[in-house]
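Undergrad: Below is one structure. I have some questions about it.
What follows draws every value from the coordinates through simple rules; no lab data is involved. Keep in mind that this is a model prediction, so the values were computed, not measured. All Cβ positions, glycine included, derive from the backbone under ideal geometry; neighbour counts span all protein chains shown.
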Amino acid sequence: MKMKKELNKYCPRCNKYTVHSVSLYKKSRDSNMTQGARRYERKKKGYGGQPKPIQQRFAKNTKKLTPRIKCKECGRMRYMRSVRLKRLEFI
């Protein structure tokens, strides 16, 4: 899908329609110190092997991509609704 780099969108902070720059949201690296990660490591420790099944087959061949918009006036960032796409191209 092709999307413009700049869109005219409503900004809740400015309370008007302003120009927003569009980029693609990318997930950051998972932290090793979160409660879930610590619990999972503790569960894997010792005898007994892998506690949860590792997914082998994947039913979906696309991922949900989330465009991120940033107001040019105030700098507030928001996310647009996620769309299931193979590729997002900015023009």
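Conditions (1) surrounded by 10 or more Cβ atoms within 10 Å (Cβ to Cβ); (2) among the aromatic types (Phe, Trp, Tyr); (3) at positive phi, marked per residue:
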residue	(1), (2), (3)
Lys27	no, no, no
Asp30	no, no, no
Thr34	yes, no, no
Gly49	no, no, yes
Ile91	no, no, no
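Undergrad: Within the set of pairs 6 or more residues apart or between chains, which connect a residue that is closer than 18 Å to Lys64 by Cα inside the range 9-37 to a residue that is β-branched (Val, Ile, Thr) and in a loop (DSSP other than H, G, I, E, B) with Cβ atoms less than 8 Å apart?
TA: Leu24/Thr66; Tyr25/Thr66
Here is a yes/no grid of residues against (1) in contact with a Phe, Trp or Tyr (Cβ under 6 Å, 6 or more places away or on another chain); (2) of a type in the set (D, E, K, R); (3) over 20 Å from Asn8 (Cβ atoms):
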position	(1), (2), (3)
Lys26	no, yes, yes
Ser31	no, no, yes
Gln35	no, no, yes
Gly48	no, no, yes
Pro51	no, no, yes
Asn61	no, no, yes
Met77	no, no, no
Arg81	no, yes, no
Leu85	no, no, yes
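Undergrad: Collect the residues in the range 7-37 that are in a strand (DSSP E or B) and either in contact with a helix residue (DSSP H, G or I) (Cβ under 8 Å, 6 or more places away or on another chain) or closer than 15 Å to Tyr79 by Cα (or both), keeping them in residue-number order.
TA: Within the range 7-37, Leu7, Asn8, Lys9, Tyr10, Cys11, Val19, His20, Ser21, Val22, Ser23, Leu24 qualify.
Undergrad: Would you mind finding the one in Arg78, Arg87 that is of a type in the set (D, E, K, R) and surrounded by 10 or more Cβ atoms within 10 Å (Cβ to Cβ)? Even if it seems obvious, please write down each step before you answer.
TA: Working: Arg87 fails: surrounded by 10 or more Cβ atoms within 10 Å (Cβ to Cβ).
Sole residue among the options that is of a type in the set (D, E, K, R) and surrounded by 10 or more Cβ atoms within 10 Å (Cβ to Cβ): Arg78.
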